[in-house]
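All remarks here apply to the structure that follows.
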Amino acid sequence: MKNKLLSAAIGAAVLAVGASAASATTLSDVKAKGFVQCGVNTGLTGFAAPDASGNWAGFDVDFCKAVASAVFGDPTKVKYTPTNAKERFTALQSGEIDVLSRNTTWTINRDTALGFNFRPVTYYDGQGFMVRKGLNVKSALELSGAAVCVQSGTTTELNLADYFKTNNLQYNPVVFENLPEVNAAYDAGRCDVYTTDQSGLYSLRLTLKNPDEHVILPEIISKEPLGPAVRQGDDQWFDIVSWTAYALINAEEFGITQANVDEMKNSPNPDIKRFLGSETDTKIGTDLGLTNDWAANVIKGVGNYGEIFERNIGQGSPLKIERGLNALWNKGGIQYAPPVR
């Protein structure tokens, strides 16, 4: 009973902190300090990682830049807070960061009890398994008795337990709090299997001593809708972050790229002109508290969704991940954005 009471008290305190942090207008705070504070991964190739000079790059990083472009018209007006799986939620709840863009799964608990708002899914993912080719394993159903490396504080832990229980398999969890520890343990042979989001496995495989000696198994054992999160209590900021993601998707559908965005302002298509803020009667920016060319600034700053995907994790990157579910809805995927009108 004491544990239940303590959990309830902690939950109430978390919501109170979140509500307080979001009670002021986030947009006005961001404008006052002159940058967006964005929570990202501590280092996941293709998604968020600093180079030797400390410059951040990746799929999630580009979304941070997109929000900065929407607000300031400048993708450089962003600062990054590296967070591990445990720290990310505290950073957002406390107001240390304005938006969390860190390969985070949208779940009912996070959307309610933790006091966050999710909406656009920027990457449809699922949990997978990586093993050494030398094990001659072709399916996750052959992993009974294996030692499995997994990061704590993630949906991955629960998914792992559920999958093995459902399939009447035994396993030995090897659990670490920080991603570098999990990577090092697997690379050193302390476990037979590495499990996390499949996109993460493609990224992490590149960091191993001998990447070609490892294979990602075909099974996807969960739904992992990844996307940005903000605190509850500030609908305007929630709308800005959400519509920034939708703008990236709509731009790809319209054929608007980083290279042709200015030219496309003269398009005969009224939807495109409205989207880019070149229609004289448009209010798509002022309704958000932004300038009417905010979407054009986003595309100038980072390109459209497809461009971000391909250069960071797709065919233009070392990861070579296929678009799959993350292709547009009219090209075999499920990425779909509401109309800007």
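The values are calculated or read from the model by the stated rules, or taken from the named source; none is laboratory data. Not measured: the values here are computed from a predicted model. Positions of Cβ are generated from backbone atoms using ideal geometry, with glycine treated the same way; all protein chains shown enter the neighbour counts. All accessible areas refer to the heavy atoms of the entire protein, side chains included, with ligands and DNA or RNA removed. Shrake-Rupley method; radii C 1.70, N 1.55, O 1.52, S 1.80 Å.
Here are a few things to note about the model shown:
- The lone criterion from (1) farther than 17 Å from Phe118 by Cβ; (2) outside the structural domain of Thr154 (by the TED database) left unmet by Pro218 is number (2).
- If you check Asn297, Asn260 for being at pLDDT 95 or above, in the same structural domain as Ser69 (by the TED database) and under 21 Å from Ser101 (Cβ atoms), only one passes: Asn297.
- Val67 being within 27 Å of Lys320 (Cα to Cα), assigned by the TED database to the domain that holds Phe309 and not in a strand (DSSP E or B): yes
- Residue in the range 214-228 that is within 26 Å of the chain's Cα centre (by Cα) and without any contact (Cβ under 8 Å) to a residue 24 or more places away in the chain present: no
- When the range 255-269 is filtered for residues that are open to solvent by less than 60 Å² (accessible area, probe 1.4 Å) and either closer than 14 Å to Ala295 by Cα or of a type in the set (Gly, Ala, Ser) (or both), the ones remaining, listed by number, are Gly255, Ile256, Thr257, Asn260, Val261, Met264, Lys265, Ser267.
Condition check ((1) outside the structural domain of Ala85 (by the TED database); (2) part of a helix (DSSP H, G or I); (3) of a type in the set (Ser, Thr, Tyr)) across all residues:
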residue: Arg190; (1), (2), (3): yes, no, no
residue: Thr195; (1), (2), (3): yes, no, yes
residue: Tyr202; (1), (2), (3): yes, yes, yes
residue: Lys209; (1), (2), (3): yes, no, no
residue: Ala245; (1), (2), (3): no, yes, no
residue: Ala251; (1), (2), (3): no, yes, no
residue: Lys273; (1), (2), (3): no, yes, no
residue: Lys283; (1), (2), (3): no, no, no
residue: Thr291; (1), (2), (3): no, no, yes
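- Qualifying positions in the range 34-61 - buried (at least 21 other Cβ atoms within 10 Å of the Cβ) and of a type in the set (Asp, Glu): Asp60
- In summary, Cys64 fulfils each of the numbered conditions (1) surrounded by fewer than 23 Cβ atoms within 10 Å (Cβ to Cβ); (2) modelled with pLDDT of 95 or more with the single exception of condition (1).
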